[in-house]
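Structure record follows, encoded as structure tokens.
The values are calculated or read from the model by the stated rules, or taken from the named source; none is laboratory data. As the structure is a computational prediction, the values presented were derived from the model and not from experiment. Quick reminder, even Gly has a Cβ in these numbers, built from the backbone with ideal geometry, and neighbours come from all protein chains shown. Side chains included, ligands, DNA and RNA excluded: accessible areas come from the protein's heavy atoms. Shrake-Rupley method; radii C 1.70, N 1.55, O 1.52, S 1.80 Å.
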Amino acid sequence: MEKSFLNKKPNGSPGDGAVVVENIVKHYGSNKETVQALRGVSFEVKKGEMFGIIGPDGAGKTSLFRILTTLLLPDGGSAIVNGHDIVKEYKAIRKEVGYMPGRFSLYQDLTVAENLEFFATIFNTTIEENYDLIKDIYSQIEKFKERRAGKLSGGMKQKLALSCALIHRPVVLFLDEPTTGVDVVSRKEFWDMLKQLKAQGITILVSTPYMDEAGLCDRVALIQNGQLLSVDTPQAIIGQYNRPLLAIKAQQMLRLQNDLKQYEDVEDCYPFGEYHHLVMKAGYREEQLRSFLEQHGHHSAEVCTIQPNIEDCFMALMKN
Amino acid sequence: MSSDYIITAEHLTKKFGDFKAVDDITFNVHKGEIFGFLGANGAGKTTAMRMLCGLSIPTEGKATVAGFDVYRQTEDIKKNIGYMSQKFSLYEDLTIRENIRFYAGIYGKSNAFIKEKTARLLKQLHLEQEANKLVGSLPLGWKQKLAFSVAIFHEPQIVFLDEPTGGVDPVTRREFWNMIYEAAEVGITVFVTTHYMDEAEYCDRISIMVDGRVEALGSPGELKRSMNAASMDEVFLKLARKATRSAD
């Protein structure tokens with residue numbers, strides 16, 4: 001059965017699309033109270049790409065991943081993963097993708113080595129056969145291989161989960177929020193591991209609520225309320241931002257924000273770390289802004305024009 | 001000890017067997033301050049917070065919260081603080097109104113107080129229409145804003161927030177911080193943990209824990225200057241890289 005599907009070229013599938021998603025819809029609940037998790041999502045991931053799905057909790061990231069890994073059926077639309085239809089050819093997809101869910105879901109009462117062995121076996125392979133792929137990651141936890149998975153630290157659990165998701169040498173890897181709740185240092189280490197996997201030719205779809213991780217992806221989809229706000233390279237998304245953006249700092253930051261929101265040429269003003277970011281209307285005049293600041297007693301205000309980052313873009317798109 | 005402090009901690013230590021989860025930390029928090037409590041996973045933040053909330057008895061050292069001793073007066077501490085976390089905040093299968101009433105009741109507030117303040121709060125949050133809906137049906141950002149309001153409903157002197165904005169969208173995250181500022185304006189001390197380094201900048205002072213110890217303490221500006229770093233991100237990375245013990 002499956003063999004015939006494998007040989008068939010899917011209709012209209014572009015040559016180099018590792019993942020092609022078309023108008024996927026998913027809702028939960030009864031007729032009375034339905035939650036629209038995905039409202040017609042379409043995008044394409046190229047082979048070998050590091051593709052980020054970036055958005056807050058509840059945006060639909062997990063539903064999308066569960067649909068693409070054939071664990072959930074969509075209510076509408078279609079998708080192809082590595083040349084296979086997610087509904088009709090789900091068995092083929094399950095052999096060819098790796099999935100690391102957001103919640104730790106290995107067997108807590110099996111040891112590190114037993115978990116890895118288990119996943120290798122159910123995929124009809126051995127640890128030895130694919131050891132080269134996981135070596136860099138697994139070697140960091142190998143000295144604990146007799147320890148039960150439930151007794152591992154958060155960082156080690158993550159490395160074991162990634163090893164288990166890779167042990168059958170998947171073509172496409174789905175990572176659902178691997179860095180959520182993880183501190184800055186561990187996040188950096190995790191992204192370094194992903195870069196090495198990408199270098200081995202694996203297509204990676206990774207979701208994250210952290211906007212600053214967008215820059216580490218080749219392309220990103222920004223998602224909010226079950227809809228994609230934008231799909232492009234991080235640089236292109238930033239390039240599409242079309243308003244003057246300033247960073248501003250003064251003595252009294254809270255009052256500064258409230259005052260600026262009253263100023264007619266200000267479209268938005270929000271805190272951003274040490275500064276406030278100030279979205280201006282096109283054609284604003286700097287001298288006028290300066291004198292407004294003076295009038296309101298923000299004498300030593302520091303103002304400079306800045307490049308937006310992905311979070312600025314996300315907020316602008318959200319408010320549109 | 002100065003009465004200007006709402007938290008005092010001296011040589012506070014917590015051991016689990018041979019493991020020093022919190023290793024001799026000393027710091028004070030001023031009344032009305034927004035105090036950021038940072039550290040890598042496994043640095044000891046949660047253990048330290050549990051001691052300050054009266055949920056875990058220290059092994060060594062001294063500490064007071066709102067004037068109460070963390071060894072002998074844990075019940076007084078619990079009555080005088082508020083607490084919310086990302087993981088646990090409200091009961092999803094109770095309505096908004098029921099959650100408010102439940103928490104206020106636990107803190108022993110009178111029916112008249114609850115009634116009057118609930119009306120005011122629902123209006124403030126623009127949740128009047130939703131008051132009888134289950135909390136589970138609210139978007140995450142709304143839940144977190146409501147959870148914060150519930151955590152300070154009984155007008156505590158200090159509120160502990162454990163990663164309150166994790167996973168919240170960037171617009172709502174900032175609305176949440178505006179609520180923190182408003183609470184601080186009326187004199188509530190805010191003790192907050194976060195993994196977002198931009199939020200560290202919104203705090204009056206920050207402490208950074210590494211391997212159970214407080215490795216740095218000061219205003220964001222002071223820390224950046226003393227560590228010769230351009231951003232809090234850099235300060236955090238420089239400090240946390242010294243860590244020798246592994247994450248939680």
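From the residues A:TYR138, A:GLY48, A:PHE119, which one has its Cα farthest along the dipole of segment A:2-238 in the positive direction, the dipole being from +1 and -1 charges on Cβ of Lys/Arg and Asp/Glu about the Cα centre?
A:PHE119
Rounded to the nearest 10 degrees, what's the angle between the helix B:140-151 long axis and the longest principal axis of chain B, both from Cα atoms, 0 to 90?
90 degrees
Computed on alpha carbon atoms, what radius of gyration and Dmax characterise segment B:5-240, expressed in Å?
Here Rg and the maximum Cα pair distance are 18.0, 54 Å.
Leaving out ligands and nucleic acids, and using a 1.4 Å probe, what accessible area per residue does chain A come to in Å²?
Solvent-accessible surface per residue comes out at 47 Å².
Connecting C-alpha atoms closer than 10 Å in a GNM of chain B, tell me which of B:GLN124, B:GLN73, B:GLN144 has the biggest fluctuation.
B:GLN124
Taking N as the number of residues in segment A:203-295, what value does Rg over Cα atoms divided by 2.2 N^0.38 Å take?
Numbers: Rg = 16.5 Å, N = 93, 2.2 N^0.38 = 12.3 Å.
With N residues counted in segment A:203-295, Rg over 2.2 N^0.38 Å equals 1.34.
Would you mind telling me the antiparallel percentage of the DSSP bridges in the protein assembly as shown, rounded to 5? List each step's numbers first, then the result.
Values: 57 of 93 bridges.
So the antiparallel bridges amount to about 60 percent of the total.
For segment A:241-319, what relative contact order do you get, as a whole percent, if you take Cα pairs closer than 8 Å and at least 6 residues apart? Kindly include the intermediate steps, with their values, before the conclusion.
Values: 96 pairs, mean separation 32.2, N = 79.
Value for segment A:241-319: 41 percent.
Which distance in nm do the two modelled labels at A:CYS304 and A:GLN251 give, with both placed 7 Å along the Cα-to-Cβ direction?
With each label point 7 Å from Cα toward Cβ, the separation is 2.3 nm.
What's the whole-number percent of alpha carbon pairs in segment A:21-126 lying beyond 17 angstrom?
Percent of Cα pairs beyond 17 Å in segment A:21-126: 62.
Pop out the Kirkwood hydrodynamic radius of the protein assembly as shown from its pairwise C-alpha distances, inverse of mean 1/r, in Å to one decimal.
25.8 Å
Taking the simple approach of a point 7 Å from Cα along Cα-to-Cβ for both A:GLN36 and A:SER291, what is their distance in nm?
Spacing of the two 7 Å Cα→Cβ label points: 4.7 nm.
Go ahead and run the numbers for FRET between A:LYS195 and B:ASN132, Cβ-Cβ distance against an R0 of 35 Å, rounding to 0.05.
Calculated value: 0.10.
Hey, in the GNM for chain A with a 10 angstrom Cα cutoff, which one of A:PHE144, A:PHE43, A:PHE292 fluctuates hardest?
Result: A:PHE292 has the largest fluctuation of those listed.
Any of A:LYS46/A:LYS135; B:LYS14/B:LYS242; A:LYS46/A:LYS151; A:LYS143/B:LYS45 with alpha carbons more than 29 Å apart? Name them for me.
Flagged as over cut-off: A:LYS46/A:LYS151.
Can you give the accessible area buried between chains A and B, summed over both chains, with a 1.4 Å probe, in Å² to the nearest 100?
When A and B are taken together, about 2400 Å² of accessible area is lost.
What number, in percent, do you get for the relative contact order of segment B:111-225 if the mean sequence gap of Cα pairs under 8 Å and at least 6 apart is divided by its residue count? Don't skip to the answer; put the middle values down first.
On the way: 88 pairs, mean separation 20.5, N = 115.
So the answer I get is 18 percent.
State which stretch of chain A is the longest one without any exposed GluC sites (Glu not before Pro), exposure meaning a DSSP loop state and at most 10 other Cβ atoms within 10 Å.
Counting at most 10 other Cβ atoms within 10 Å as exposed, the longest clean stretch of chain A is A:147-263.
Taking only C-alpha pairs under 8 Å that are 6+ residues apart, what is the relative contact order of chain B in percent?
Once divided by the residue count of chain B, the mean separation gives 26 percent.
Using a 1.4 Å probe on the protein chains only, how many percent of the accessible area of chain B belongs to carbon and sulfur? Mind showing how you got there, number by number?
On the way: 5310 of 10930 Å².
With neighbouring chains kept in place, the figure for chain B is 49 percent.
Suppose every Lys and Arg Cβ carries +1 and every Asp and Glu Cβ carries -1, with no other charges. What dipole size does the protein assembly as shown come out with about its Cα centre, to the nearest 20 debye? Provide the component values of the computation, followed by the final result.
Values: 68 positive and 74 negative charges, 235 e Å.
With only Lys, Arg, Asp and Glu charged at Cβ, the dipole is about 1140 debye.
Which translational diffusion coefficient, to the nearest whole µm²/s, is obtained for chain A from the Stokes-Einstein equation, given a Kirkwood hydrodynamic radius over C-alpha pairs, 20 °C and 1.002 mPa s?
D, rounded to a whole number, is 98 µm²/s.
Residues of segment B:18-66 that become at least 10 Å² less accessible with every protein chain present than in their own chain isolated, using 1.4 Å: which are they?
Relative to the lone chain, where solvent access is computed with a 1.4 Å probe, segment B:18-66 loses at least 10 Å² at B:ALA40, B:ASN41.
Please list, or write none, the lysines whose alpha carbon is within less than 19 Å of the alpha carbon of B:LYS115, excluding same-chain residues fewer than 8 places away.
B:LYS123, B:LYS133
Students often forget the sequence filter, so: which aspartates and glutamates lie under 18 Å Cα-Cα from B:LYS15 once same-chain residues fewer than 8 apart are removed?
Once the sequence-local aspartates and glutamates are set aside, what remains near B:LYS15 is B:ASP23, B:ASP24, B:GLU60, B:ASP211, B:ASP248.
Beyond 17 Å, what share of the Cα-Cα pairs of segment B:1-87 is found? Please give it as a whole percent.
46 percent
Along the three principal axes, how long is segment A:241-319 when you take its alpha carbons, biggest first, rounded to the nearest angstrom?
Result for segment A:241-319: principal-axis Cα extents of 32, 26, 19 Å.
To the nearest 20 Debye, how big is the dipole of segment A:241-319 about its Cα centre, given +1 on the beta carbon of each Lys and Arg and -1 on that of each Asp and Glu?
With only Lys, Arg, Asp and Glu charged at Cβ, the dipole is about 80 debye.
Sequence-distant or interchain residues sharing an amide H contact under 5 Å with A:ALA18, placed H: which?
A:VAL45, A:LYS46, A:LYS47
Straight distance only, please: which lysines reach the Cα of A:LYS261 with their own Cα at less than 18 Å, same-chain residues fewer than 8 apart left out?
Cα-Cα hits under 18 Å: A:LYS249, A:LYS281, A:LYS319.
Taking only Cα atoms and a 10 Å spring cutoff, compute GNM fluctuations for chain A and point out the largest among A:LEU133, A:LEU73, A:LEU260.
In the Gaussian network model the winner is A:LEU260.
For A:GLN108 and A:GLN235 in one chain, what is 0.36 nm times their gap in residues minus the Cα-Cα distance, to one decimal in nm?
41.6 nm
Considering the Cα positions of segment B:81-183, please state its Rg to one decimal place and its Dmax as a whole number of Å.
Cα only, segment B:81-183: 12.6, 37 Å (Rg, Dmax).
For segment A:125-199, state what percent of all Cα-Cα pairs lands in each successive 10 Å bin, counting from 0 Å until the bin that includes the largest distance.
Going from the shortest bin to the longest, the percentages are 17, 54, 27, 1.
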